[in-house]
Amino acid sequence: MLGNLPPHYGQALLMSLFGDRPLPRGAHAGLVFDRYLRIWREQRLLRELRQEARGERKDEHREALESFCEATARPGESCRELLAMVNDRLDRALGPLRNARCFDLRTNARLAVGTGAEHPLENSLTFDPVVGVPFLPGSTLKGLCRAWAELLCAEGTLGDATLRRLFGPESNERDKSAGDLVFWPAWPNPGPTEWPALEVDVINCHHPEYYGGDRDRAVDWESPVPVYFLVVRAGTAFRFRLSSRSENGEHVALGERLLKEALRWLGLGSKTAVGYGTFAAPPQPEAAGASPSRPAPTRAASVRREAPGTLSLRKQDGRLLAQLADGTSAWALGEQARALVASLPEELRQRLAKGREIGVRVQYQEDGNQRQIVALVPG
């Protein structure tokens, strides 16, 4: 491939394929993200070195990722057809299996999956190898579902024997038999006018010298180093599929319930402690004469609470973030965040716009490990 070509030939070939575009039309987004992201260009090397010396190189990363996200939001017709074909083939493969199930869920918040994989930008994202869209490997879903089942076993609401039948023994045991449940990979299942959109998120390390071992204590005058990474936008639909090796309908039904609970209460991927990676069923109108839906899992219902906190507005994504007095955080995005800011007095709005924090009383809805701001009361 390009690694076997002289550098100037490789650059010339890439320029002929990309031009000034971050993503050629119909190209595999995952391959471009891993190997050919437009930040790695020889003509930028000197400028990047100068920016790195001034602590500004990460902004170049942000611009490259933002342009990549914009390009992925405009897929070609071939990409749409290929994703529809993948979902159709999986549904048809599931069809002959007795008692197999499939269901759709949407992300409640941003989703960061596969960030621990190796990548030149330090944080990766899991793309499928066929279409080039984010997807959820079956092994990831099984691990999450098992973790939730083990919590239920610790509570005494699920038996250890049932856990072993569904998921198999622990990896360190001599018994290497497989569990009965089969977790299929989950691909995005967008509507006719939708597409799994990507966004740029950021983690700020405020004490790089301290954590790097260059200082014996953290001090306030260190320069933050932002680390940018890709996430899947909230509201993205995924299709989940489950089957049983023994075609046991009770096992599949229990596995579906456990997986839905795990995706709602634990969340998938990185940053789940601040609400990332949680899922919920998409709203569906009840058809006339339809049988009532199955009751929700017997876990605590969402609760509305109020607490003092400090409020800040992130300019990168418009996220409204409240640090509460008990050390937890609550958030709001998009139209909801803009409406909450508009409800504040002009003086407080100006302070937020300047990047300052303000003290308020925060009313929030608590649902699992999510805390979503619903109202603000100036403190």
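The values are calculated or read from the model by the stated rules, or taken from the named source; none is laboratory data. Predicted model only: the values in this text are computed from it and were never measured. Glycine also receives a Cβ, built like all others from the backbone with ideal geometry; neighbour counts cover every protein chain displayed.
The set of residues in the range 325-346 that are farther than 24 Å from GLY235 by Cα, modelled with pLDDT of 85 or more and touching a strand residue (DSSP E or B) at 6+ places or on another chain (Cβ under 9 Å) comprises SER343, LEU344, PRO345. GLY138 - would you say it is assigned by TED's automatic domain parsing to the domain that holds PHE238 and either exposed (fewer than 15 other Cβ atoms within 10 Å of the Cβ) or under 21 Å from ARG35 (Cβ atoms) (or both)? No; evaluated as a whole, the condition is false for this residue. Name every residue in the range 120-136 that is touching an Asp or Glu at 6+ places or on another chain (Cβ under 9 Å) and more than 18 Å from LYS271 (Cα to Cα), in order of residue number. Within the range 120-136, PRO120, PHE127 meet the criteria. Scanning the range 184-218 for residues that are in a strand (DSSP E or B) and under 19 Å from ALA71 (Cα atoms) yields PRO188, LEU198, GLU199, VAL200, ASP201. Scanning the range 153-169 for residues that are surrounded by 11 or more Cβ atoms within 10 Å (Cβ to Cβ) and either touching a residue at least 24 places away in the same chain (Cβ under 8 Å) or assigned to a loop (DSSP other than H, G, I, E, B) (or both) turns up LEU158, GLY159, THR162, ARG165, LEU166, PHE167, GLY168, PRO169. Consider the range 197-237 and keep the residues that are modelled with pLDDT of 90 or more and acidic (Asp, Glu). The one that is farthest from GLY132 (Cα to Cα) is ASP201. Tell me whether the range 177-193 contains one or more residues that are of a type in the set (D, E, K, R) and surrounded by fewer than 16 Cβ atoms within 10 Å (Cβ to Cβ). Within the range 177-193 (the criterion being of a type in the set (D, E, K, R) and surrounded by fewer than 16 Cβ atoms within 10 Å (Cβ to Cβ)), the answer is no, since none of the residues qualifies.
To keep it simple, each residue is scored yes or no on (1) among the hydrophobic types (A, V, I, L, M, F, W, C); (2) not in a loop (DSSP other than H, G, I, E, B).
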position	(1), (2)
ARG92	no, yes
VAL113	yes, no
LEU141	yes, yes
TRP148	yes, yes
LEU151	yes, yes
SER171	no, no
ARG174	no, no
VAL182	yes, yes
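If you go through the range 302-355 and keep only what is assigned to a helix (DSSP H, G or I) and touching a Ser or Thr at 6+ places or on another chain (Cβ under 8 Å), you end up with just LEU352. Out of curiosity, is GLY255 crowded, with 20+ Cβ neighbours inside 10 Å, at pLDDT 85 or above, within 26 Å of the chain's Cα centre (by Cα) and in a loop (DSSP other than H, G, I, E, B)? Answer is no for this residue.
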